1. Taking the mean number of other Cβ atoms within 10 Å as a proxy for protection, how do you rank 204-213, 109-118 from highest to lowest?
2. Less than 12 Å Cβ to Cβ from Gln58, Lys/Arg counted +1 and Asp/Glu -1: what total charge do the surrounding residues give?
3. Compute the separation of the alpha-carbon centres of the stretch 21-48 and the stretch 87-154 and state it in Å as a whole number.
4. With the crude spin-label approximation of a point 7 Å out along Cα→Cβ, what separation in nm comes out for Arg235 versus Asn174?
5. Could you give the length gained on full extension between Gln62 and Arg124, defined as 0.36 nm per residue of separation minus the Cα-Cα distance, in nm?
6. Sum -39500 (n - 2.57) across every DSSP H segment of at least 4 residues in the chain, then divide by the residue count to get the 222 nm mean residue ellipticity, nearest 500.
7. Taking square-rooted eigenvalues a ≥ b ≥ c of the alpha carbon gyration tensor, is the stretch 100-171 rounded, prolate or oblate, where a/c under 1.5 means rounded and, failing that, a/b exceeding b/c means prolate?
8. With an 8 Å Cα cut-off and a minimum separation of 6 or more residues, compute the relative contact order for the stretch 182-245 in percent.
Amino acid sequence: MKSPVSALLALCLVSGVNAEQATVAVAANFAGPMGDLKTLFEEYGIHELTVVHGSTGQLYAQIINGAPYDLFLAADAERPRQLAEKGLGDVPFTYALGRLALWTRHEEFSANLTVDALAGATFRRLAIANPQLAPYGVAARETLEAMGLWESMQPRVVLGENVGQAFAMVETRNAELGLIALSAALAYPSGAAYVTVPAQHHEPIRQDAMLLMRSRDNPAAQEFVGFLRSPEARRTIAAAGYELP
């Protein structure tokens, strides 16, 4: 029996669909898994994808202003919902549920790392994504609020435009600690430590995707939407540290 992924090529050949290209706007936290999904999709099909990364807020603003994207994989459910209400996209669906992690590359924090390290006074900087732009930043703020630390932490909080920039601040040791996407912490090869933030510390990070209205007749975009729901894609997403809807 053919898998849903390998069936893509057969479907295209039978239906006479020509190879097409689609541009996917992807939230920064999902950059790694999207690379794996792109490889799978192109390996077993005839279409090609171009991937653009950024914060969900930035990508949303670009779509509103006419950016030529075919698909939007956000880090929240709110922006896709707003685009659908404006008539700019099809009905959104949830492709992943994100998790937040506390991450460090500093040895003094690596041993026995817990979320309670955030209440300590021995670090100078905590990197998070900007809550005005990025859903993982909202989750980081909610976590600090739940711990009663948001106000007192302000002098030490440094903001990245997206969760990828927050990750980079810790990777380059410009911040000792970071509240980042669990998927990024899992993918880091060595020389770092992380702990998953308890889910009750923040609202669920529901990540929704949608086909944008300008691309309803684009076979590449349509087939990627179907692929994103396939067992192969779901296994890839789960292996990257996301929960499945």
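Taken together, the values in this text are just the output of simple stated rules run on the coordinates, not laboratory data. Note that the structure is a prediction, hence the values are computed from the model and not measured. In this analysis, Cβ positions are derived from the backbone assuming ideal geometry, glycine residues included, and neighbour counts consider all displayed protein chains.
1. Result, highest mean Cβ count within 10 Å first: 204-213, 109-118.
2. Taking every Cβ under 12 Å from that of Gln58, the sum is 0.
3. Cα centres, the stretch 21-48 to the stretch 87-154: 26 Å.
4. Taking the simple label geometry, Arg235 and Asn174 are separated by 3.9 nm.
5. Computed gain between Gln62 and Arg124 is 18.9 nm.
6. After summing the helix terms and dividing by residue count, I get -10500 deg cm²/dmol.
7. Oblate, because a/c is 1.5 or more while a/b does not exceed b/c.
8. Taking the mean separation of contacting Cα pairs over the length of the stretch 182-245, I get 40 percent.
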